[in-house]
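Working notes, structure below.
Read-outs throughout are calculated quantities, based only on the coordinates presented, and are distinct from any laboratory measurement. Keep in mind that this is a model prediction, so the values were computed, not measured. Here the Cβ positions follow ideal geometry from the backbone for every residue, glycine too, while neighbour counts run over all protein chains shown.
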């Protein structure tokens, strides 16, 4: 049904400004009943970060920024949904226009700049869904004008621990000036140490267990990747999300006019670089923490490549703009077919099987 509805709605949505269309889709979803999704094939179940995921296909941060419709999104068949990015204080983000479709490239460029209702509003929405099934995570980031960005993450972790299955520390958005500097070894070590301390204190108070993930940029050098992985593992981070959007502009882009727009590029052109970095990360992590593969997942083959590169879970967003919610079921069906073709009993058996090959690009 959702596939048919999207087919009818797509021409209307794509005739609108991208941000207006995005807001309309969120509003429409939030008005729908949150029905339980159809059961998944048991072969797709994944255990990661102390959580049991019914399938490995998640919605990436950036779509439900304010956590307005997580349960309706889970109804579409996602194994998990990541809301956000959320900042401590409300902020409007960058001036519009700030998002651009590149349809012939299957891509989007955005420079939202972490437009957020603020952590108090998001925490209130999460409290209302307490007791409901389904894994919801929250992507967290510092305010643009913050004098102490590490302290911002402590505020966010303290406020949201116990309300979400996982929190993703976002130090890799290209749209908040200076945020990626927190990926430097000294800054990152302090940030992760204080975030873990805040999480442990909050979880002890609430009697909960909130996983902490770290989301990294696709543009890291291998030397920087070595330091990031070593620091994350030493500080006890539960997993890594690879990767955020890229500031690079591949020569292969067809939509040259929009390619000049500032912001992070997502979608199909990001697939190769993000998958190579994912595999390189997997080789360094050596199974000590689960990975989430993001960037250019637009079908079963791309999703399976992320898993073969080392991802226990995958996320998508940009492809939904063009293919619609029916893509989720297509990917899950395709993953089941691929693991059976390879003789695996479950999707977890395929994690990292081709990491060494895919790390070479």
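Compared with the direct C-alpha span, the chain from residue 360 to residue 222 gains 48.5 nm at full extension, assuming 0.36 nm per residue. Reducing segment 26-96 and segment 302-361 to their Cα centroids gives an inter-centroid distance of 18 Å. Between residue 148 and residue 17, the contour length at 0.36 nm per residue exceeds the alpha carbon distance by 43.7 nm. For the residues 172, 312, 221, a GNM of the chain with alpha-carbon springs under 10 Å puts the largest fluctuation on 221.
So what is the orientation-averaged projected area of segment 54-112, using the convex hull of its C-alpha atoms, in nm²?
Numbers: hull surface 21.5 nm².
Over all viewing directions, segment 54-112 projects a mean Cα-hull area of 5.4 nm².
In this rough spin-label picture, where each label sits 7 Å from Cα along the Cβ direction, the residue 262-residue 197 distance is 3.5 nm. The Kirkwood hydrodynamic radius of segment 105-195, based on inverse pair distances between different Cα atoms, is 14.3 Å.
From Cα pairs below 8 angstrom and at least 6 apart in sequence, can you work out the relative contact order of the chain, rounded to a whole percent?
Computed over the chain, the figure is 17 percent.
Calculate the all-directions average of the projected area of segment 75-156's alpha-carbon convex hull, and give it in nm².
Details: hull surface 29.0 nm².
Averaging across all directions leaves 7.3 nm² for the Cα convex hull.
Seen through its C-alpha gyration tensor, with square-root eigenvalues sorted a ≥ b ≥ c, segment 14-71 comes out prolate because a/c lies at 1.5 or above while a/b is bigger than b/c.
At full extension, residue 30 and residue 185 could sit 51.8 nm farther apart than now, given 0.36 nm per residue minus the alpha carbon distance. For segment 211-305, the C-alpha radius of gyration sits at 1.13 times the compact-globule guess of 2.2 N^0.38 Å, with N the residue count. The orientation-averaged shadow of the Cα convex hull for the chain, equal to a quarter of the hull surface, comes to 16.4 nm². Divide by every residue of the chain the summed helix terms, -39500 (n - 2.57) for each DSSP H run of at least 4, and state the resulting mean residue ellipticity at 222 nm, rounded to the nearest 500 deg cm²/dmol. -12000 deg cm²/dmol, from helical runs alone. Bridges between two residues of the chain, per DSSP, are antiparallel at a rate of about 30%. Once each part is reduced to its C-alpha centroid, what is the distance from segment 238-287 to segment 146-202 in angstrom? Centre-to-centre distance over Cα atoms comes out at 22 Å. At an R0 of 25 angstrom, the distance between the Cβ atoms of residue 38 and residue 125 translates into a FRET efficiency of 0.50.
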